[in-house]
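Working notes, structure below.
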Amino acid sequence: MAADTLFRTRFAPSPTGPLHLGHAYSAMLAHDLAVQNKGEFLLRIEDIDQSRARTQWEDWIFRDLKALGIEWPKPVLRQSGRLNAYRNAIQSLWDKRLIYPCTCNRRDILDAASAPQEGAAPIIGPDGVVYPGTCRNYQHDVFLVPPATTLRLDMRKAIAHLATTDFAFIEQGQGTKTTVDFSADKVIDKIGDIVIARTGLGTSYHLSVVLDDAFQKISHVVRGQDLFEATKIHVILQKLFNLPTPVYHHHKLIRDKTGKRLAKRHDAEAIRKYLDNGATAGDIRKQVGLRP
Ligand code: GLU
């Protein structure tokens, strides 16, 4: 098999806290699938938010994954080393006039989004409250170099540029394969003008993840069900940058005893705690429902 058609998965944690059982499940599943398909598993460190990323957490990630029996090629890709690639991609969107600077803060967005019908709940999409468009039509001719400003994608213009009204991606679970179709209208109404670059960061999760999955030639993106809707954003960005759309596997979320989804602050469910208490990789696999 040629190298660029290899079955390739990745685990892409942000080093902002201890990995928990949900991360263990995601990483082990992606690793299992790569091994089963004679492919490759990559680790990517998503450290674009340098105000929260810590090398201590990165060290924990390496240690925990090793203890779970996971191996990956080195050196790992760090998003903090990819700022030029993000910058070039942003410039290409600017040159096509598909992005615009936005000076709204959270409060401005909430107020404007609720304004048409006072008291009505704003629509929440996979990038947060659907942007009410306040800054969309201001004249702006000078490219404000990221990270000086927040830049948003003008979703209507982006869709017009793509000249298609139907989008799709393949969702492949264990033993299932479906095509998820979605329309341009829904993208405009329910997702809207997403942030491409955030002030201070010079990029956004959506932009970086799309560029990096393509750069690393990821064929199968294995990640939590909570990112299912965000994949629609990623498909639009892939089309805008002429990048392939990988196959997606959005897996179940691991929950705590009360049914709440685990988060980084759930130190109680940290992998490290289980390992320190004598759990083996096999015990953790069993606990999250993976075959030993
Ligand atoms: N850094 C992201 C997270 O930890 C990765 C999400 C993804 O797999 O696309 O949630």
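The values are calculated or read from the model by the stated rules, or taken from the named source; none is laboratory data. A quick note: this is a predicted structure, and the numbers were derived from the prediction, not measured. Cβ sites come from the backbone with ideal geometry, for glycine too, and all protein chains shown count toward neighbours. Side chains are part of the model used for accessible areas, which takes the heavy atoms of the whole protein and leaves out ligands, DNA and RNA. Shrake-Rupley method; radii C 1.70, N 1.55, O 1.52, S 1.80 Å.
Any residue that is open to solvent by 20 Å² or more (accessible area, probe 1.4 Å), modelled with pLDDT of 95 or more and assigned to a loop (DSSP other than H, G, I, E, B) - is there at least one of those in region 62-69? Walk me through how you get there before you give the answer.
Initial filter on region 62-69 (open to solvent by 20 Å² or more (accessible area, probe 1.4 Å)): 62-63, 66-67, 69.
Those still in the list that are modelled with pLDDT of 95 or more too: 62-63, 66-67, 69.
Filter once more, keeping what is assigned to a loop (DSSP other than H, G, I, E, B): 69.
Yes, region 62-69 has at least one match.
For Asn37, only one of the following conditions fails: (1) touching a Gly at 6+ places or on another chain (Cβ under 8 Å); (2) farther than 30 Å from Asn137 by Cβ; (3) open to solvent by 30 Å² or more (accessible area, probe 1.4 Å). What is its number?
Here Asn37 meets the rest and fails (1).
I'm trying to understand the selection: among the residues of region 219-237, which are over 13 Å from the mean Cα position of the chain (by Cα) and within 13 Å of the ligand (Cβ to nearest atom)?
Going residue by residue through region 219-237, those that are over 13 Å from the mean Cα position of the chain (by Cα) are 219-220, 236.
His220 - this is the single residue of region 219-237 that is over 13 Å from the mean Cα position of the chain (by Cα) and within 13 Å of the ligand (Cβ to nearest atom).
Based on what the data block shows, is Leu237 within 21 Å of His161 (Cβ to Cβ) and crowded, with 21+ Cβ neighbours inside 10 Å?
Details: within 21 Å of His161 (Cβ to Cβ): yes; crowded, with 21+ Cβ neighbours inside 10 Å: yes.
Yes.
Give me the helices (runs of 4 or more DSSP H) completely within region 167-281, filtered to those with at least 1 residues that are at pLDDT 95 or above and within 28 Å of Ala113 (Cα to Cα), ordered by residue number. So that I can check it myself, show each step before the final result.
Values: elements: 184-190, 205-215, 230-240, 271-276.
Fully inside region 167-281 and qualifying: 184-190, 205-215, 230-240.
Being among the hydroxyl-bearing types (Ser, Thr, Tyr), in contact (Cβ under 8 Å) with a residue 24 or more places away in the chain, out of contact with any Gly (no Cβ under 8 Å at 6 or more places or on another chain) and closer than 27 Å to Gln172 by Cα is true for just one of Thr203, Thr231. Which residue is that? Don't jump to the end; show me each part of the working.
Working: Thr203 fails: closer than 27 Å to Gln172 by Cα.
None of the other options fit; the residue is Thr231.
For every residue, the table says whether it meets (1) at pLDDT 95 or above; (2) more than 14 Å from the ligand (Cβ to nearest atom).
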position	(1), (2)
Met1	no, yes
Arg10	yes, no
Gly17	no, no
Ser26	yes, no
Asp32	yes, yes
Asn37	yes, yes
Ile45	yes, no
Tyr86	yes, yes
Ile90	yes, yes
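Please specify each residue of region 262-272 satisfying the condition of being more than 11 Å from the ligand (Cβ to nearest atom) and either under 18 Å from Ala12 (Cβ atoms) or surrounded by 15 or more Cβ atoms within 10 Å (Cβ to Cβ) (or both).
Result: Leu262, His266, Glu269, Ala270, Ile271, Arg272.
I want to confirm something. Restricting to region 240-261 and keeping residues that are free of Cβ contacts under 8 Å to residues at least 12 places away in the same chain and of a type in the set (Lys, Arg), which single residue is most open to solvent (accessible area, probe 1.4 Å)?
As a first pass, look at region 240-261 and keep what is free of Cβ contacts under 8 Å to residues at least 12 places away in the same chain: 242, 255, 257-260.
Now narrow it down to the ones that are of a type in the set (Lys, Arg): 255, 257, 260.
Numbers: Arg255: 129, Lys257: 197, Lys260: 124 Å².
If we take residues in region 240-261 being free of Cβ contacts under 8 Å to residues at least 12 places away in the same chain and of a type in the set (Lys, Arg), then Lys257 is most open to solvent (accessible area, probe 1.4 Å).
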